[in-house]
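Down below is the structure, laid out as structure tokens.
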Amino acid sequence: MTIIIDPQGSGIAGNMLIGAFVDLGANADKLKEIMEKSAKDFGGVKVTFEKINKHGIESTFCHVEMLEHNHSIRYSEFIEKINDLDLDEKVKETSIKVFERIAKAESKVHGKSLETIHFHEVGAGDAVADVIGSIYAYYSLSLNKQKVIGLPIAVGGGTINTDHGILAIPVPAVLEILKGVKIIGGPVDSELATPTGSAIYMEICDEIREFIPQIKPKKAGYGAGKKDFDHPNVLRIIESDDVCESDEIDVIETNIDHLTGEEIGYLFDKLLDKGASDVSVTPIIMKKNRQGSLLKVVCRNENRDELVNAIFSETGSLGIRIIPNIHRGIAKREFEKKTVEINGKDYEVTYKIGYINGEVISKRPEYEDLKRIAEDSGLALRKVKELIK
């Protein structure tokens, strides 16, 4: 399954993520309990959920009301209190990583160390509830076992009044948190991306893409924002079945008729060392009935020039064909380690598993592991392969 977090239309905030997670099936009553209990030592909050229509889009609104304002706390003390919470360890660990992202951004912007910085936003009860509620919902839906893809974030525009005065949108902390990620200004004169929402997004997304990849949508959840605009102020999260993914590759080709088998073997290994995704050599008949070989190299664009230079250098070829930006379908791949017993000795073997639409289409042991076991055990390679299938 693939999860798409889509903040292109109206940005992202912690309560919007929680609302979308509840729309996808997270337990609202349990989230209310967890959020209120976690925020108790940080000023306290009252949490309510309601279905709300935002400009024609039915969505879930998570309202987090602060019970105490102007709550400030030093970062080290803050983390100690989070560690003392009665929560699942993985929820606490991931939540702390989110808070650390915000803390590092705030400390860099204000020119202070983590040890000396005080939080106003991060230390407030609503931010604690937003982060822990989002991460708890993320794990409760088992999204940590899925691939999570984020799309570009709409950050809004204009200015906002903060504890540090009037700041341009996006505020400096948001820019720091979202370094290296594509953002979109507007579409309104208002803040759309909060530091809390941005940090959660950066922590749980496995990959950031410009567009939705090829998917089969199953369900969409919508988390409502507090403000009303002339467009639906919602965050969308899409749950989908996996399909055959695709990416772009380059193919490099040249004909060879003057290298020995040993020289071709040397070139083969060198190209793989320099980043080739795949190398193949096929016997061919060339002009004037000369026997030769077709060298074909598959690579990513960033490795192409170095590989072309290596082929020129090693072969003395006068011409190399380059076929750029070819789309290829790729199955989802995972690697799994298992321990197998052969002749009374345990060996660790890595299996490459391929999936299409969630179904296993192949499961093969890695050659290097087979080779290592064969050399250590004295068995033939084919026998080792039979024993560990």
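The values are calculated or read from the model by the stated rules, or taken from the named source; none is laboratory data. Small disclaimer: the values here were computed from a predicted structure and weren't measured. Glycine gets a Cβ as well: all are built from the backbone with ideal geometry, and neighbour counts include every protein chain shown. The accessibility values were calculated without ligands, DNA or RNA, using every heavy atom of the protein model including side chains. Shrake-Rupley method; radii C 1.70, N 1.55, O 1.52, S 1.80 Å.
Among the conditions (1) exposed (fewer than 14 other Cβ atoms within 10 Å of the Cβ); (2) out of contact with any Leu (no Cβ under 8 Å at 6 or more places or on another chain), Phe78 misses just one, which is (1). Only residues that are of a type in the set (A, V, I, L, M, F, W, C) and in contact with a Leu (Cβ under 7 Å, 6 or more places away or on another chain): list them for segment 134-174, please. Listed by number, the residues that qualify are Ala137, Leu141, Ile153, Ala154, Val155, Ile160.
Taken together, Ala154, Ala173 contain a single residue that is buried (at least 17 other Cβ atoms within 10 Å of the Cβ) and at pLDDT below 95, which is Ala173. Taking the conditions exactly as written (under 21 Å from Glu239 (Cβ atoms), within 15 Å of the chain's Cα centre (by Cα), open to solvent by 40 Å² or more (accessible area, probe 1.4 Å) and not aromatic (Phe, Trp, Tyr)), does Lys145 satisfy them or not? It is true that Lys145 is under 21 Å from Glu239 (Cβ atoms), within 15 Å of the chain's Cα centre (by Cα), open to solvent by 40 Å² or more (accessible area, probe 1.4 Å) and not aromatic (Phe, Trp, Tyr).
Restricting attention to segment 215-235, report how many residues are closer than 9 Å to Ser10 by Cα and assigned to a strand (DSSP E or B).
2
A single member of Ser293, Ser313, Ser280 is exposed (fewer than 14 other Cβ atoms within 10 Å of the Cβ), hydroxyl-bearing (Ser, Thr, Tyr) and in contact (Cβ under 8 Å) with a residue 12 or more places away in the chain, and it is Ser280.
Kindly indicate whether Lys337 is closer than 30 Å to Thr2 by Cα and modelled with pLDDT under 90. Here the answer is yes, as Lys337 does meet what is asked.
Against the numbered list (1) open to solvent by 30 Å² or more (accessible area, probe 1.4 Å); (2) not in a loop (DSSP other than H, G, I, E, B), Gly25 comes up short only at (2).
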